[in-house]
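One structure is given here, and the rest of the page talks about it.
The values are calculated or read from the model by the stated rules, or taken from the named source; none is laboratory data. Just so it is clear, the structure is predicted and the values come from calculations on it, not from any experiment. Because the Cβ atoms are built from the backbone with ideal geometry, glycine has one as well, and the counts that use them run over all protein chains shown. Note: areas computed on protein heavy atoms with side chains; ligands, DNA, RNA excluded. Shrake-Rupley method; radii C 1.70, N 1.55, O 1.52, S 1.80 Å.
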Amino acid sequence: RRVHGGVDRKFMDRPPQEEGRPKLWWLIDLVGVAAATALIHVLQSAVKAKKGKPAVTAPAPEVVVDTSRSVPATVSKHLEVFVREIPHLNNYLQVDQYPNRIKRNPISEFPGGGLAYHHEISGEELVLHNVVRNVKSGDRIDSFVRAGPRSQIVFQVNKVKAAIVTCGGLCPGLNTVIRELTLTLFYSYGVNTILGIRNGFRGFYDHECLPPRNLDPDTVEDIHNLGGTILGTSRGGFDQDKIIESLLRWGINQLYVIGGDGTHRGAHALYEEIKKRKLQITVVGVPKTIDNDIGIIDRSFGFYTAVGEAVETIKCAKVEVMCTQNSIGIVKLMGRHAGHIAAHAVLASGDANICLVPEVPFKLEGEDGLLAHIKRHLLRTKHCIIVLAEGAGEDMVRAFSRDKDVHKDPSGNLQLPEIGGFLRKQIEAFFAKDKMGVKVFYMDPSYMIRSVKANAADQYQCLILAQNAVHGAMAGYTGITVGLVNNRSVYIPMTQITAVSPSGMRPVGRTWERVLNVTLQPRFCHHCGVRVDFQWPFHSVHNCPHKKASAPQTGGD
């Protein structure tokens, strides 16, 4: 008889005439089933013992964690967890500690009642970094201290004065971060003085940007529904001495800096000078970049919103080329050093035929070049859509350009040559030689995709980051930034963020493999741009003589 889940199916499905049997038969059947089950387990154990398999599962290897430094105090048998030390005011000051209590509840009958957090994070809660391991990964794994409210804080909340500044380019979600920083400071900790610094770092000293803007729940109530930043932003303008002078003059003891890797380098310089002067001022960052090129963290806020807006532009390009015979659509997206937006937009839309990113150079001319591939695709389908990041083909465009000088913006970033216009001219000239009439549609939504309000996913991420930034500053952590690692919020030393940023997409990673599978475009060597065969690994058939050290690349896919 078949036994399923410990119950005899034939017994359960007997016809009605058998229901009149004595109840003793029911008992006999059940005893038989139990005996058969026990016999099966005995036989299985005997077979395993005969094969030499252990009957008892071996205990998991012990993992020894030391949260006080970046090296383990004791070496474990198989795995060592290294904890990244996060700076604290106690490293250079003797600060008092106070119990952490929620100070305000706007709808409570008893304001200031001192409600405790349901779950306070201890310094021993860790988040592992590279969780994907193999037998060759070694016995070391890095980890970060988990972000969140602590049981003790180092500030008397009635003496806290906070400042918030946004720097660099725009990004969806900036206003949401400002809003949640303000609300958490005001409601969770009872902070009354919150200043919004206008127009980036220069807002600390430039008379055209003064005075700072006072922030409270009323002024930030609806700003999350707006794109951009209500504080304004700018590139450059960092003057360490003038900024610290303003912090001391205004009595600021908490500074929240929202910006990219360049902004974090400036914020870290402030932290070092504040530490040198032994000032009780915490400096906490919230990483922001539309290009998603900040290392270590899973993603930056606003990235998915930008990808969604880029997909809409690709759809518009698809409509244009489908309605015109022998037409090519070019969509240029942001991505100075990293092609994350272009790659994810291509994958999300499913409409692009070619994707060009900074991490993978490409050959333009020749039978194995990009132009020849566009022609073959056009002859087959009568249309072609190309999505490219602004930093794609930078060296090639400079080689064709008459202006060989390298220019920088106020933030110190290299000003990129115009790849979109260059590629359009090259395509038109190529098909003009072949006497093949084509229509090229060029769309550049670069600034449109970053100036919109954040979508629901990015709004939520902004809330998480902002709240944990406040919790970290209140606990006395400084010189840190807050980000998601393996979908958990953690505190990361600013030096680690700046050391691996800007970081690009892995040109031999799974994301780029997906792009190649979706677009069916040629595979170009990520060292020299020469087209290589579709065998894997392709270096087995293309021994590139131009291998060079590349920019840091993000982990994961």
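Annotation note: trypsin sites (Lys or Arg not before Pro) in the range 136-183 located in DSSP loop regions with a Cβ neighbour count of at most 16 within 10 Å are Lys136. Couplings for the range 300-310, taken from phi via the Karplus curve 6.51 cos²θ - 1.76 cosθ + 1.60 with θ = phi - 60°, read 9, 5, x, 5, 5, 5, 4, 4, x, 5, 5 Hz in order; Gly and Pro are left as x. Accessible area per residue (1.4 Å probe, heavy atoms of protein chains only) ranks Thr481, Thr229 as Thr229, Thr481, with the largest value leading.
Between Asn486 and Asp298, the built amide H atoms are under 5 Å apart, and every one of these is 5 or more places off in sequence or on another chain. Val95 sits among other residues whose Cβ lies under 14 Å from its own Cβ, and their net charge, with Lys and Arg +1 and Asp and Glu -1, is +3.
For the range 268-278, 3J(HN,Hα) computed residue by residue from phi via the Karplus equation (6.51, -1.76, 1.60; θ = phi - 60°) reads 5, 4, 4, 4, 5, 5, 4, 5, 4, 7, 6 Hz, glycine and proline entered as x. If only the Cβ of Lys and Arg carry +1 and only the Cβ of Asp and Glu carry -1, the dipole of the range 151-287 around its Cα centre is close to 460 debye.
For the cross-link pairs Lys288/Lys439; Lys288/Lys425; Lys332/Lys363; Lys159/Lys453; Lys276/Lys453; Lys375/Lys453, the ones whose C-alpha atoms lie over 28 Å apart are Lys288/Lys439; Lys288/Lys425; Lys159/Lys453; Lys276/Lys453; Lys375/Lys453. Tally Lys and Arg at +1 and Asp and Glu at -1 over the other residues with C-beta under 9 Å from the C-beta of Cys167: what net charge comes out? With Lys, Arg at +1 and Asp, Glu at -1, the net is +2. For Val500, the solvent-accessible surface computed with a 1.4 Å probe is close to 50 Å², ligands and nucleic acids excluded.
With θ taken as phi - 60° and the Karplus curve 6.51 cos²θ - 1.76 cosθ + 1.60 applied, the whole-hertz 3J(HN,Hα) list for the range 452-462 is 8, 6, 6, 7, 5, 5, 6, 4, 5, 5, 4 Hz, x standing for glycine and proline. Residues whose amide H lies under 5 Å from that of His88, counting only those 5 or more places away or on a different chain, are Thr478; hydrogens are built 1.01 Å from N in the peptide plane. When you filter the GluC sites (Glu not before Pro) in the range 276-382 for DSSP loop state and at most 11 other Cβ atoms inside 10 Å of their Cβ, you are left with Glu365, Glu367.
At most 13 other Cβ atoms within 10 Å and a DSSP loop assignment: could you name the trypsin sites (Lys or Arg not before Pro) in the range 255-303 that fit? Taking the range 255-303 and a limit of 13 other Cβ atoms within 10 Å, the loop trypsin sites (Lys or Arg not before Pro) found are Lys278.
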